[in-house]
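Undergrad: Dropping a structure here in structure tokens format, bear with me for questions.
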Amino acid sequence: MVEFRFDIKPLFPQPIIKVASNLLPHTFRGDRRQCLDATSKMSEIIDRLGQLSAISQGLNKPVTTAQRLRMSENQTIYLLADTEAGHNGAVIGLLKVGTKDLYLFDEKGQTRKMEQSPSILDFYVHESRQRAGLGKRLFETMLNEEHWTPVKCSVDRPSEKLLGFLRKHYGLVRTIPQANNFVLYEGFFGDEASQNGSRNGHAASPERTKNGLHITDSPNTQLFGATYLGDETSKQKRFGRRGSESQQHHQQQQQQQAALLQQITQISPNGRYGAPRPTCSMAEIIHAGSASSGKGGGGGSAESNRTK
Ligand SMILES: CC(=O)SCCNC(=O)CCNC(=O)[C@H](O)C(C)(C)COP(=O)(O)OP(=O)(O)OC[C@H]1O[C@@H](n2cnc3c(N)ncnc32)[C@H](O)[C@@H]1OP(=O)(O)O
């Protein structure tokens, strides 16, 4: 449990509070002096929990800090406390979420720009209280507050524990391969966001396919040109598919997606873009770009640059 030198109870009139960029609990009411005091205490809580989360995930620096939250436009932190614990109460969990503009591959391996897409950015329950249903409680509160559904959330480089958590509580198993650190599950693109109660996650930039060339308005296409999808994809489009082949179809799809990921990182354009570069550099550029657009509230870069 994470205890502090001050009494946390005035900050937690209820076990789970929500904190946005003003660094105040959503329930907080007070004069200027009380606000200053509360933000200073809240910063300490967020920094401590963010640090413990990083240590627990083996990251070399925290994904969550008070400073980052202050600078963000559309990120929210949910904090879970046990006000009965110890002398001053204890904070036991943190969940940071936000919306992001992301370039993602759909089930067919085609690029889609998702605007204001719901993302899970950091999640931590203190070691002494894990596997007791507290993570689920925190997550459910967040889903209700944000009006999100789990399958519509992208997850920023999930740990094994979080993958297990999502599998156990929400039956999320089958992922859609991506070229960046975000993990998506099948059903993410289920048309369209509104059908599943999500108010976020708008698809943009419909793509065109011509002679096996995959053409989009994404930076992938703008910088490197169209991607060659191969004959098999065009054949499938032309001839369709019978139901009994669905298992085989799924395997083929997975292989094609893997091949597509490889093609995107291997296409060697002329000029300065032809220079060798690390495998994931494109994803980094794309997400750094969306960060600076201001829409992504910290964009894809701040969190997905988690380094181990
Ligand atoms: C985008 C990101 O934030 S990635 C980083 C995610 N955070 C971490 O990995 C930090 C360490 N882990 C944790 O803080 C927690 O385990 C959390 C936040 C992932 C889950 O919180 P919990 O309170 O443990 O979850 P809850 O009790 O509701 O659910 C338990 C399920 O989560 C998964 N899980 C939780 N702890 C573990 C563990 N030590 N090993 C394997 N799976 C685990 C399992 O599926 C577990 O079900 P099971 O006990 O039947 O196997």
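Undergrad: I'd like the residue in the stretch 83-114 that is within 30 Å of Ala132 (Cβ to Cβ) and assigned to a loop (DSSP other than H, G, I, E, B) and, out of all such residues, is nearest to the ligand (Cβ to nearest atom).
TA: So the first thing to find is which residues in the stretch 83-114 are within 30 Å of Ala132 (Cβ to Cβ), and the list is 83-99.
From what is left, the residues that are assigned to a loop (DSSP other than H, G, I, E, B) are 83-89.
Working: Thr83: 18, Glu84: 18, Ala85: 15, Gly86: 19, His87: 24, Asn88: 22, Gly89: 18 Å.
The qualifying residue nearest to the ligand (Cβ to nearest atom) is Ala85.
Undergrad: Sticking with this one: Which members of the stretch 168-181 meet the condition of being in a helix (DSSP H, G or I) and touching a Phe, Trp or Tyr at 6+ places or on another chain (Cβ under 9 Å)?
TA: So the first thing to find is which residues in the stretch 168-181 are in a helix (DSSP H, G or I), and the list is 168-170.
Of everything in the stretch 168-181, those that are in a helix (DSSP H, G or I) and touching a Phe, Trp or Tyr at 6+ places or on another chain (Cβ under 9 Å) turn out to be His169, Tyr170.
Undergrad: Hey, another quick one. Please verify whether the stretch 116-136 includes one or more residues that are away from the ligand (no atom under 12 Å from the Cβ), in contact (Cβ under 8 Å) with a residue 40 or more places away in the chain and over 17 Å from Glu186 (Cβ atoms).
TA: Step one: list which residues in the stretch 116-136 are away from the ligand (no atom under 12 Å from the Cβ), which gives 116-118.
When the remaining residues are screened for being in contact (Cβ under 8 Å) with a residue 40 or more places away in the chain, the result is 116-118.
Next, from what is left, pick out any that are over 17 Å from Glu186 (Cβ atoms): 116.
Within the stretch 116-136, one or more residues are away from the ligand (no atom under 12 Å from the Cβ), in contact (Cβ under 8 Å) with a residue 40 or more places away in the chain and over 17 Å from Glu186 (Cβ atoms).
Undergrad: Right, another one. Collect the residues in the stretch 137-167 that are near the ligand (Cβ under 10 Å from one of its atoms), of a type in the set (A, V, I, L, M), within 24 Å of Ala179 (Cα to Cα) and assigned to a helix (DSSP H, G or I), keeping them in residue-number order.
TA: Leu162, Leu163, Leu166
Undergrad: May I pose another question? Looking only at the stretch 28-47, decide whether some residue is loosely packed, with under 14 Cβ neighbours inside 10 Å, touching an Asp or Glu at 6+ places or on another chain (Cβ under 9 Å) and either more than 29 Å from Gln116 (Cβ to Cβ) or of a type outside the set (S, T, N, Q) (or both).
TA: Yes: the stretch 28-47 contains one or more residues that are loosely packed, with under 14 Cβ neighbours inside 10 Å, touching an Asp or Glu at 6+ places or on another chain (Cβ under 9 Å) and either more than 29 Å from Gln116 (Cβ to Cβ) or of a type outside the set (S, T, N, Q) (or both).
Undergrad: Further question: Looking only at the stretch 64-82, filter to residues that are outside any strand (DSSP E or B) and free of Cβ contacts under 8 Å to residues at least 60 places away in the same chain; which one of those is surrounded by the fewest Cβ atoms within 10 Å (Cβ to Cβ)?
TA: In the first step, residues of the stretch 64-82 are kept if they are outside any strand (DSSP E or B); the result is 64-74.
From what's left, free of Cβ contacts under 8 Å to residues at least 60 places away in the same chain: 64-67, 69-70.
Working: Thr64: 26, Thr65: 16, Ala66: 21, Gln67: 13, Leu69: 24, Arg70: 15.
That would be Gln67.
Undergrad: Hey, another quick one. Got at least one residue in the stretch 24-41 being within 19 Å of the chain's Cα centre (by Cα) and closer than 22 Å to Glu3 by Cα? Break it down into steps so the answer makes sense when it comes.
TA: Filtering the stretch 24-41 down to residues within 19 Å of the chain's Cα centre (by Cα) leaves none.
No, the stretch 24-41 has no match at all.
Bear in mind that the values in this text are calculations on the coordinates, not laboratory data. Model, not experiment: these values are computed from the prediction. In this analysis, Cβ positions are derived from the backbone assuming ideal geometry, glycine residues included, and neighbour counts consider all displayed protein chains.
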